[in-house]
Amino acid sequence: MLIVPDWLRYSLEWSVIGLPLGIYLLGMGTWQYRLAYPVLVSGQRDLSTLLIGLSGFFLLGPPTWLVHRLRWHGDLWYWLGYAGYVVMLLLLAWWLLRKQARTTIIYAVDAADVREVLVEATHQLSASATIVPDCVYWPEQQALLQIRISPWLRTATLRWLEGSEDWRQSVEQTIQAALTSREAARGPVPVLLLGGTILIGLATFHLLIWLLLRWLKP
């Protein structure tokens, strides 16, 4: 029988919890590093990749510790409770993804470029618009776009409060075309790459130690 030291068991558990997040951070950092210009990503896609990155925390981490209390009543009650917990997580994820249906994220963009391309898009579409620092309103289309810019992350969030889907696609396609002439702003790429590498490295290190102990077991 393989006896694993407590420190290794807890370290291995947290390494497994952090592994999906490490892969997410490394993937995001690599992807943003390779961008030649800012790009638009749907809010649902952006959120779904983040949820996958946090899956280890939600499926094995502290939120599941309350379910462990059911082990006092037997394995059957534990697995039923865990299944109910997973169903609640899926329903919450579905609700959050639905809320992101009319949201788009611009990655690797400077704040000044966001304002410039919004003006360019309005002119190219030959539509009158009222532009304020955090909103754009097209009266003829009855479309209202809310903008949230994160200078440190080099991202901009476009949330459509009003307007048809056809108009939204026209505006976002025009914005994307205008952004191809801008250089990508790297933002926190080094932090993402470093964080992802550390988490993946820790998980690999603990897994190798566990395999070594398993190989050396009497």
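If you check TYR37 against the conditions, is it among the hydroxyl-bearing types (Ser, Thr, Tyr), assigned to a loop (DSSP other than H, G, I, E, B) and either out of contact with any strand residue (DSSP E or B) (no Cβ under 7 Å at 6 or more places or on another chain) or surrounded by fewer than 17 Cβ atoms within 10 Å (Cβ to Cβ) (or both)?
Working: among the hydroxyl-bearing types (Ser, Thr, Tyr): yes; assigned to a loop (DSSP other than H, G, I, E, B): yes; either out of contact with any strand residue (DSSP E or B) (no Cβ under 7 Å at 6 or more places or on another chain) or surrounded by fewer than 17 Cβ atoms within 10 Å (Cβ to Cβ) (or both): yes.
In short, yes.
Figure legend. Inter-residue proximity from the range 88-107: first residues more than 16 Å from GLU165 (Cα to Cα), second residues in a helix (DSSP H, G or I) and of a type in the set (Asp, Glu), beta-carbon distance below 6 Å, spacing 6+ or different chains. Indicated pairs: ILE105/ASP46.
Is it the case that some residue within the range 148-164 is in a helix (DSSP H, G or I) and crowded, with 19+ Cβ neighbours inside 10 Å? Please lay out each step first, then the result.
Taking the range 148-164 and keeping what is in a helix (DSSP H, G or I), we get none.
Looking for residues that are in a helix (DSSP H, G or I) and crowded, with 19+ Cβ neighbours inside 10 Å, one finds none in the range 148-164, hence no.
Residues in the range 146-190 that are of a type in the set (A, V, I, L, M, F, W, C), over 19 Å from ILE131 (Cα atoms) and over 22 Å from the mean Cα position of the chain (by Cα): ALA177 alone.
Can you find, within the range 79-128, the residue that is surrounded by the most Cβ atoms within 10 Å (Cβ to Cβ) among those that are under 30 Å from PHE57 (Cβ atoms) and in contact with a Phe, Trp or Tyr (Cβ under 7 Å, 6 or more places away or on another chain)? The extreme case among them is ARG102.
For beta carbons closer than 9 Å, sequence separation of 6+ or different chains, a first residue in the range 171-194 that is touching a residue at least 60 places away in the same chain (Cβ under 8 Å) and closer than 15 Å to ALA156 by Cβ and a second that is part of a helix (DSSP H, G or I) and of a type in the set (D, E, K, R), the qualifying pairs are ILE175/GLU120; ALA178/ASP113; ALA178/GLU116; ALA178/GLU120; LEU179/ASP113; ARG182/ASP113; ARG182/GLU116; ALA185/ASP113.
Just give me the residues in the range 105-135 being in a strand (DSSP E or B), of a type in the set (Val, Ile, Thr) and out of contact with any helix residue (DSSP H, G or I) (no Cβ under 6 Å at 6 or more places or on another chain), in sequence order. Outline the logic, then answer.
Our first condition is that a residue be in a strand (DSSP E or B); within the range 105-135, this holds for 105-107, 130-132, 135.
Next cut, of a type in the set (Val, Ile, Thr) only: 105-106, 130-132.
The answer is ILE106, THR130, ILE131, VAL132.
Bear in mind these aren't lab numbers, they're just calculated from the coordinates by the rules spelled out. Note that the coordinates shown come from a computational prediction; the quantities given were computed from them, not determined experimentally. Backbone-built Cβ (ideal geometry, glycine too); neighbour counts: all protein chains shown.
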